[in-house]
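The values are calculated or read from the model by the stated rules, or taken from the named source; none is laboratory data. The structure displayed is predicted, hence computed values, not measured ones. Neighbour counts run over all protein chains shown; Cβ positions are idealised from the backbone, glycine included. To get the accessible areas, we keep the full protein, side chains included, count just its heavy atoms, and leave off ligands, DNA and RNA. Shrake-Rupley method; radii C 1.70, N 1.55, O 1.52, S 1.80 Å.
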Amino acid sequence: MFSRLDNYIIKAFIPTFFMCLLIISGIYIIADLLQKLGEFVDMGGDAFGTGMRYYLYLFPVIVFQFFPAITLIAVGIVLVRLSRNREILAMQVAGISLYRILSPVFIITVFMSFASFADQEWIIPRFAERLETLQETSFQDNIYRNLLLEDKENGTFVRIWRYHKKTQTMESVFILGRYENKRKKFTISADEGRWTGNNTWLLSKVIKHVYNEQGKWVAPLEQIDSLEITSTITPAVLGEKKLDPSLLSFEQLKELCKSDSNNPRNRVLFHSRIAYTLTHFVLLLLGIPLVVGFERLSRNLFLRVGLCVFICGIFYALSFVCASLGNLGTIHPILAAWLPHVIFGSVGLLFFDMMSM
């Protein structure tokens, strides 16, 4: 049974959480709506119905992506409010330790983790296909983003930030070639790529690094205005409709890893899904000490809430960088998934131990 103190903190948290959820989701939806405003105008009378269905399917995805951040920000706001009203100080004077005061926060976090897991496992996969179909039929700008493909015949991985289907051109291309021992053979970065036919792409503004069989870089780097490469990754392959793996359930993702075992992106996503269950706790371990643990920061409301937002931003940025390196095979998928949690969790435990109890 929860004590009166626990109930008080939980009742303060729940409305704050939903307020943060609506605000952050609303900002995301408005930004996405402005980006797709041209497509909605072209739909005419169908725009409202299409928009409602699209954002209804998209909402669980938004919630899953920002669930840990929303939890930390909501907890931060509640604790800041209690701190400003001297309620935390009164509880400590009454002999209640800060650990005991914060215990309902971590209990709430357990429920948040379960809710996030349920969202990804049952709600998102249920609407995944309809969301993908709606995006393709209603908002098809003929641009595919953040593609990662393996050219098995040529032993390369190709990362494409944007692919324009109509013009058959690519933007921000990165190619990783490997020896038979899986070590890097060469890397190619290009600003643009254009399909010329006969399994050939013409890359422009190219920077190429070459490595020996031990994986060591061989100087100098090559800067080339244009470079032709042969690849089995054709416009037909790039235009194939594939369900986004991030929308799959854990079991579906596990099966995808078995069926496409050579693609490191699937394994990174699989391990990231496991690591994600601890994201709420990792962010709280680092965020709570900055909110209530250090007296110098406790005087400024905006500073402490801003620190929570900043921490979330750094964590997501580091996660993106590690995932990108893992997708390209530069680091092991397990390391790519768990490194941000290890770094932030270790720092969080250190800060938590330094708090004045």
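Worth pointing out:
- All conditions in (1) touching a residue at least 24 places away in the same chain (Cβ under 8 Å); (2) more than 17 Å from I274 (Cα to Cα); (3) of a type outside the set (S, T, N, Q) hold for A337, with the sole exception of (2).
- Within region 213-232, restricting attention to residues that are within 20 Å of M170 (Cα to Cα) and not aliphatic (A, V, I, L, M), the residue that is least open to solvent (accessible area, probe 1.4 Å) is S231.
- Every test in (1) without any contact (Cβ under 8 Å) to a residue 40 or more places away in the chain; (2) closer than 21 Å to V309 by Cβ; (3) hydrophobic (A, V, I, L, M, F, W, C); (4) open to solvent by 30 Å² or more (accessible area, probe 1.4 Å) is passed by V110 save one, and that test is (2).
- Pairs, first free of Cβ contacts under 8 Å to residues at least 12 places away in the same chain and over 12 Å from V158 (Cα atoms) in region 185-198, second open to solvent by 50 Å² or more (accessible area, probe 1.4 Å) and in a strand (DSSP E or B), C-beta under 9 Å, six or more apart: N198/T230
- Annotation for region 182-202: at least one member residue is surrounded by fewer than 17 Cβ atoms within 10 Å (Cβ to Cβ), in contact with an Asp or Glu (Cβ under 7 Å, 6 or more places away or on another chain) and within 27 Å of H332 (Cβ to Cβ).
- Scanning region 81-91 for residues being within 32 Å of the chain's Cα centre (by Cα) and farther than 17 Å from F18 by Cα gives a total of 2.
- When V173, V206, V158, V210 are screened for being in contact with a Lys or Arg (Cβ under 8 Å, 6 or more places away or on another chain), β-branched (V, I, T), buried (at least 18 other Cβ atoms within 10 Å of the Cβ) and modelled with pLDDT of 85 or more, only V173 passes.
- Number of the condition not met by T133 [criteria: (1) open to solvent by 10 Å² or more (accessible area, probe 1.4 Å); (2) touching a residue at least 24 places away in the same chain (Cβ under 8 Å); (3) more than 25 Å from V309 (Cα to Cα)]: (2)
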